[in-house]
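Participant: Here it is, the structure in full.
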Amino acid sequence: MKKLLFIVLLLLCLIAVPYKGIGAEEIVQADLVIEYVRVFTMDKANEEAEAVAVKNGKFVYVGDREGVQAYKGPQTRVMYMDNRLMLPGFIDGHNAAYLKAEKMFWLDLSSFSTFEEYEKAIFSYRAQHPQLKQLCAVGWNQKVTEEAWGKSGKTPRDLIDQLVHDIPFVAFSAHRDELWVNSKTLEISGLDHIEHGLTETGEASGIIPGQFTDMVVQALPQPDFSVEQYKKALIKYQEDAARYGITAAFVPLGNHSENVLKAFDELDRKNLLTMTYELGIYVDPLKDLDQIELFKEWREIYQGKNYSVQTAKMNYTENAVWEKEKFLDMLDLLDREGFRIHVEAEKELHMIFEGFEYARVRNGKKNFKHVISHMPIVTNDDLTNFRKFRIIPSVQPAIFHQSIDAGKEDELKNWHRMKSYFEKGLPVSSFSNFPDGELNPLYGIETGMTRLHWNDEKSQKPLWPKESATLKQMLRSYTIYAARQIGREAQLGKIRVGMQADFIILDKNIFRVPPGEISEAKVILTYFKGKETYRDESEIGGQ
């Protein structure tokens, strides 16, 4: 009798305890259930699923349709996706989101192709804004000005003076590596007599090399956008990003602008940030090491629910003038103070690796915390050093096609690596380089696989096809590896129980289309923390 009573009590206890399946939390009424969907989770332990449940912004179930039924309740929103593909939200590894302000509040010349068109656009803009104290433009095409320079014999400065002579004028080139300015700007910046940017006759040409662009901008009457302008720009950027399935980004700052930080903070406090951001503070090569005190102060002040400031961004490019000793000391100091270091590199990498070795000897090893990005040429020795120093490579795969200038065939094997990073076991992340690059991650995913431009494949040859990556590899670079780059791998980059419910739905299953058609797929639904941020009504309807 006692034995029978014990069995009955044991059964009652088992019934009373909520069932908890593999990969599931305690069963609760979910806010959202999605089923009839092909889920690619990026989680090697549970790579595919056919249903998910979301509660309070996190996944509480990832598995089969039978198991998700228990999470449905009277208040649960249930969506059926007709077996479309679900992926984790894309993470952009290098994206100047705040520069959306330039397109919104400056003159955009990117659609014009002659100097005469520039003239009409500038005169029209000034007529619409008669109170301007300065005129700033983006999308300036160097070739347009060089053609006018060759025809007229006048320097760019003289040509621009004909358009704007009474107020400072600056125009960023398409790749932001030069400024084109008038005499008024040269005068107020004090750069009219420096040796850089002079013509053969010793005149100031009006072309400012990249290392001096910030100095020029800071001399303008309004050197920065207002906090309100940045807020409007970020909100507009987020709309664009959601359309392409981007739910997180690393955003490097271009100067010591606290207005950008204030804009992120104010939006975050009002729950208006609909992405996760890691911000990178700009390290100025022309300033002393004590600038790090400002970085530490900002790191203490600017931390929010959906953004953080843990990264210092160093440029080691043609336009960054670093003394070797100062570069090594700054990298060492940043590492010692606990910053994640992101180095943008357009030169050979040996000096950067020397810097990380210098820091490692003094401060100890770091496990894939620091980042090197933008490197066009990577040798086998460089690959070994990425592994040796546990550094994350970050790349822009959308430009990995044959139209890029490259040398002989034996040099191509080092040009824009992709597959090699995976073969070395490196967590390579991918980025758009917005606004200079295309924001859509699907373009980068396709080109990373085909080594061809997504828009015109037939007339081109692949750029060193041995570096072609697989679809799964490219997806990792835009999800879990990019999450690691920004220090959020515990929360982002996978569809897994307990992780943040950032995900997208595509209109087609890109695992079932030829690689050359991946860019034709569309994001039709984007979710951030379990909340919808984008919907293609023509595809989803009223679910």
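Participant: Say we look at the stretch 10-46 and pick out the residues that are modelled with pLDDT of 95 or more and hydrophobic (A, V, I, L, M, F, W, C); which of these is farthest from the chain's Cα centre (by Cα)?
Facilitator: Quick first cut of the stretch 10-46, residues modelled with pLDDT of 95 or more only: 29-43.
Okay, now just the ones that are also hydrophobic (A, V, I, L, M, F, W, C), so 30, 32-34, 37, 39-40, 42.
On the way: ALA30: 32, LEU32: 29, VAL33: 30, ILE34: 28, VAL37: 28, VAL39: 24, PHE40: 22, MET42: 20 Å.
If we take residues in the stretch 10-46 being modelled with pLDDT of 95 or more and hydrophobic (A, V, I, L, M, F, W, C), then ALA30 is farthest from the chain's Cα centre (by Cα).
Participant: Select, from ASN83, ASN95, the only residue that is of a type outside the set (Phe, Trp, Tyr) and closer than 30 Å to GLU278 by Cβ.
Facilitator: Numbers: ASN83 fails: closer than 30 Å to GLU278 by Cβ.
One residue alone meets the criteria, ASN95.
Participant: Hey, can you tell me all the residues within the stretch 454-488 that are assigned to a helix (DSSP H, G or I), in contact (Cβ under 8 Å) with a residue 24 or more places away in the chain and among the basic types (Lys, Arg)? First the steps, then the outcome.
Facilitator: We begin by selecting, within the stretch 454-488, every residue assigned to a helix (DSSP H, G or I); these are 465-467, 471-477, 480-485.
Now drop any that are not in contact (Cβ under 8 Å) with a residue 24 or more places away in the chain, which leaves 466-467, 471, 473-477, 480-485.
Once the filter is applied, which keeps residues that are assigned to a helix (DSSP H, G or I), in contact (Cβ under 8 Å) with a residue 24 or more places away in the chain and among the basic types (Lys, Arg), the stretch 454-488 yields LYS466, ARG476, ARG484.
Participant: Oh, and also: Answer yes if at least one residue in the stretch 436-453 is among the aromatic types (Phe, Trp, Tyr) and either in a strand (DSSP E or B) or farther than 18 Å from ALA482 by Cβ (or both), and no otherwise. I'd like the intermediate steps shown before the answer.
Facilitator: Residues of the stretch 436-453 that are among the aromatic types (Phe, Trp, Tyr), as a first pass: 443.
In the following step, the residues that additionally are either in a strand (DSSP E or B) or farther than 18 Å from ALA482 by Cβ (or both) were identified as none.
Checked the stretch 436-453: no residue is among the aromatic types (Phe, Trp, Tyr) and either in a strand (DSSP E or B) or farther than 18 Å from ALA482 by Cβ (or both).
Okay, residues lined up against (1) among the aliphatic types (A, V, I, L, M); (2) surrounded by 22 or more Cβ atoms within 10 Å (Cβ to Cβ); (3) in a helix (DSSP H, G or I); (4) modelled with pLDDT under 95:
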| site | (1), (2), (3), (4) |
| --- | --- |
| THR384 | no, no, yes, no |
| ARG387 | no, no, yes, no |
| ASP405 | no, no, no, yes |
| GLU411 | no, no, yes, yes |
| PHE422 | no, no, yes, no |
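Participant: In addition: In this structure, is LEU492 in contact (Cβ under 8 Å) with a residue 40 or more places away in the chain, surrounded by fewer than 21 Cβ atoms within 10 Å (Cβ to Cβ) and not aromatic (Phe, Trp, Tyr)?
Facilitator: On the way: in contact (Cβ under 8 Å) with a residue 40 or more places away in the chain: yes; surrounded by fewer than 21 Cβ atoms within 10 Å (Cβ to Cβ): no; not aromatic (Phe, Trp, Tyr): yes.
When the stated conditions are applied, LEU492 does not pass them.
Participant: Pull up the stretch 151-174, narrow it to residues that are under 25 Å from PRO435 (Cα atoms) and β-branched (Val, Ile, Thr), then point me to the one that is surrounded by the most Cβ atoms within 10 Å (Cβ to Cβ).
Facilitator: ILE160
Participant: Is it the case that the stretch 74-88 has a residue that's surrounded by 22 or more Cβ atoms within 10 Å (Cβ to Cβ) and outside any strand (DSSP E or B)?
Facilitator: No, every residue in the stretch 74-88 fails to be surrounded by 22 or more Cβ atoms within 10 Å (Cβ to Cβ) and outside any strand (DSSP E or B).
Participant: Consider ALA242 carefully, then state whether it is of a type outside the set (Ser, Thr, Tyr) and under 17 Å from PHE528 (Cβ atoms).
Facilitator: So ALA242 fits the description; yes.
Participant: So how many residues does the stretch 106-145 have that are in a helix (DSSP H, G or I), without any contact (Cβ under 8 Å) to a residue 40 or more places away in the chain and either touching a helix residue (DSSP H, G or I) at 6+ places or on another chain (Cβ under 8 Å) or not assigned by TED's automatic domain parsing to the domain that holds ALA204 (or both)?
Facilitator: Taking the stretch 106-145 and keeping what is in a helix (DSSP H, G or I), we get 115-128, 142-145.
Those left that are additionally without any contact (Cβ under 8 Å) to a residue 40 or more places away in the chain: 116-117, 120-121, 124-128, 142-145.
Remaining after also requiring either touching a helix residue (DSSP H, G or I) at 6+ places or on another chain (Cβ under 8 Å) or not assigned by TED's automatic domain parsing to the domain that holds ALA204 (or both): 144-145.
The qualifying residues number 2.
Participant: Okay, moving on. In the stretch 245-273, how many residues are surrounded by fewer than 21 Cβ atoms within 10 Å (Cβ to Cβ), touching an Asp or Glu at 6+ places or on another chain (Cβ under 9 Å) and within 18 Å of GLU532 (Cβ to Cβ)?
Facilitator: Residues that pass the stated criteria total 1.
Participant: Oh, and also: Checking VAL361 against (1) in contact with a strand residue (DSSP E or B) (Cβ under 8 Å, 6 or more places away or on another chain); (2) over 26 Å from LEU471 (Cα atoms); (3) not polar (S, T, N, Q): exactly one of these is not met. Which one?
Facilitator: (1)
Participant: Go through the stretch 335-348 and report how many residues are part of a loop (DSSP other than H, G, I, E, B) and at pLDDT below 95.
Facilitator: Residues of the stretch 335-348 that are part of a loop (DSSP other than H, G, I, E, B), as a first pass: 337-339, 346-348.
Checking the rest, the ones that are also at pLDDT below 95 come to 346-348.
The number of residues fulfilling the criteria is 3.
Participant: Name the residues in the stretch 425-448 that are out of contact with any Lys or Arg (no Cβ under 8 Å at 6 or more places or on another chain), of a type in the set (A, V, I, L, M) and surrounded by fewer than 24 Cβ atoms within 10 Å (Cβ to Cβ), would you?
Facilitator: Result: LEU439, LEU442.
Participant: Something else: Does the stretch 36-57 include one or more residues that are polar (S, T, N, Q) and exposed (fewer than 14 other Cβ atoms within 10 Å of the Cβ)?
Facilitator: The initial filter retains those residues of the stretch 36-57 that are polar (S, T, N, Q), namely 41, 46, 56.
Next cut, exposed (fewer than 14 other Cβ atoms within 10 Å of the Cβ) only: 56.
Yes.
Participant: Another question, if that's okay. Run down ALA204, ALA148, ALA233, ALA219 and say which single residue is modelled with pLDDT under 95, within 20 Å of LEU109 (Cα to Cα), in contact with a helix residue (DSSP H, G or I) (Cβ under 6 Å, 6 or more places away or on another chain) and surrounded by 17 or more Cβ atoms within 10 Å (Cβ to Cβ).
Facilitator: None of the other options fit; the residue is ALA148.
The values are calculated or read from the model by the stated rules, or taken from the named source; none is laboratory data. What you see is a predicted model, and the numbers here were worked out from it, not measured in a lab. Quick reminder, even Gly has a Cβ in these numbers, built from the backbone with ideal geometry, and neighbours come from all protein chains shown.
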